[in-house]
Ligand SMILES: Nc1ncnc2c1ncn2[C@@H]1O[C@H](COP(=O)(O)OP(=O)(O)OP(=O)(O)O)[C@@H](O)[C@H]1O
Ligand SMILES: [Mg+2]
């Protein structure tokens, strides 16, 4: 079966005055429809650049994809033309960005923004509006407005029709986040990438938005990459989790396996750093030591300088990710040997 998203050994460099920072050093991740992957890790480890790479939204330069593939339904997005990328972004890949200023334009009414996104998506697939192909401009606009109202209703915005005429500042933080979910899903994408979608919200609103995301994913049979600092978020909604460290994925697999039986020393350290070990409530804490400089990153495992299990071979070459159990991958020679012994 062709995977919805299959990132294979992706290497990404950022060029700057100081040199080449290898911000992604060979990450691999496979997402199927129905799966919600939590992408977790400390700040600066490459979560957002991974999400942005899938839609090829990083400016190049400074970004350069030096190796690997990003297969969306079997085709490498890195080899697509810009016109093909517009179709992908408009119709097949929904995004909620970390930076709130890039999400809703404060100068336009919510309705205008939703209708624009619906009309743009319908340029790639006219069935989205539910009007016959060749329908006139005003019929399409009416249909797009109807779709906007229905999406706002689906994400739980009361009095949706009237609220189309409001501006973003007239919505609460939680309601704005619901609008963003509606906007990301209005083109019926197969894949949703949501970068810290609930970080700015208080805990009860966060829980509502997460429940909403979960139900929409089930209703639309989507695959999701949910980027977050918060393991509580992961345990509430994710089916799978990938743990990033300094541009690498150190461990990935089904949520219960990774959170309950973590094998990589970094995953173990992260989980230990949560107060009272309450994964359901805990946010990721920083660990002692610091993340390596990615410009002159040493050749071996990027976690080696902070790792309690470090061995000489860890410093010589980057570890390859090994499958330990179905879907459970760990990039650490020490733990995989221990398991196979
Ligand atoms: N446009 C850019 N130009 C140069 N370097 C960048 C750019 N965007 C990100 N980086 C670098 O890439 C690395 C990964 O950044 P990224 O934003 O993906 O981290 P993150 O895991 O999303 O962190 P956070 O949790 O803070 O959002 C960092 O070292 C960052 O400085
Ligand atoms: Mg980020």
### Task
Pull out a ≥ b ≥ c, the square roots of the eigenvalues of the alpha-carbon gyration tensor of the range 37-122, then state rounded if a/c is under 1.5, prolate if not and a/b is larger than b/c, and oblate in the remaining case.
oblate
#### Entry: Spread of Cα-to-Cα distances over 10 Å intervals beginning at zero, given as percent, for the range 289-336
27, 49, 23, 2
#### Entry: Residue order, fewest to most beta carbons within 10 Å, for 169, 124
169, 124
### Summary
With 0.36 nm assigned to each residue of separation and the Cα-Cα distance removed, residue 309 to residue 15 gains 102.6 nm
### Task
On a 0 to 90° scale, report how tilted helix 110-124 is relative to the longest principal axis of the chain, with both axes built from alpha carbons and the result rounded to the nearest 10.
80 degrees
### Message
At 1.306 mPa s and 10 °C, plugging the Kirkwood radius over alpha-carbon pairs of the chain into Stokes-Einstein gives what diffusion coefficient in µm²/s?
### Response
75 µm²/s
#### Entry: Exposure proxy ranking, count of Cβ atoms within 10 Å, fewest first, for 27, 128
128, 27
### Query
Which translational diffusion coefficient, to the nearest whole µm²/s, is obtained for the range 108-166 from the Stokes-Einstein equation, given a Kirkwood hydrodynamic radius over C-alpha pairs, 37 °C and 0.692 mPa s?
286 µm²/s
### Query
Roughly what would the spin-label model give for residue 323 and residue 108, points 7 Å off Cα along C-beta, in nm?
4.5 nm
#### Entry: Centre separation in Å (Cα based) which lies between the range 26-61 and the range 171-192
19 Å
## Note on the structure
antiparallel share of DSSP beta bridges within the chain, to nearest 5, in %, is 65 percent
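For the ranges 294-302, 187-195, 246-254, 57-65, what's the packing order if you count other beta-carbon atoms within 10 Å of each residue, average per peptide, and put the highest first?
Descending mean neighbour count gives 246-254, 187-195, 294-302, 57-65.
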### Query
Taking only Cα atoms, what is the 0 to 90° angle, nearest 10, from helix 203-220's long axis to the longest principal axis of the chain?
80 degrees
#### Entry: Mean separation of Cα contacts under 8 Å, 6 or more apart, over the residue count of the chain: relative contact order %
21 percent
#### Entry: Projected area averaged over orientations for the range 63-205, convex hull of C-alpha atoms, nm²
10.3 nm²
### Message
Helix 173-185 against the longest principal axis of the chain: what's the angle in degrees, Cα atoms only, rounded to the nearest 10?
### Response
90 degrees
### Task
Please give the peptides 89-95, 223-229 ranked by average Cβ packing (other Cβ atoms within 10 Å per residue), highest first, as a rough proxy for protection.
223-229, 89-95
### Task
Could I have the simple spin-label model distance between residue 75 and residue 59, label points 7 Å from Cα toward Cβ, reported in nm to one decimal?
2.8 nm
## Note on the structure
Ranked on Cβ counts within 10 Å of their own Cβ, fewest leading, 214, 47 go 214, 47
### Query
Mean residue ellipticity at 222 nm from the helices of the chain, using -39,500 (n - 2.57) per DSSP H segment of n ≥ 4 over the full residue count, to the nearest 500 deg cm²/dmol?
-10000 deg cm²/dmol
### Task
Kindly rank 151-157, 132-138, 70-76 from highest to lowest mean number of other beta carbons found within 10 Å of each residue.
151-157, 70-76, 132-138
### Query
By how many nm would the segment from residue 200 to residue 141 grow when fully extended, if each residue of separation counts as 0.36 nm and the alpha-carbon distance is taken off?
17.9 nm
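Readers should treat all values here as calculations from the given coordinates under stated rules, not as data from a laboratory. Predicted, not measured: the structure shown is a model, and the values here were computed from it. Note that we place each Cβ from the backbone using ideal geometry, even for glycine, and neighbour counts take in every protein chain shown.
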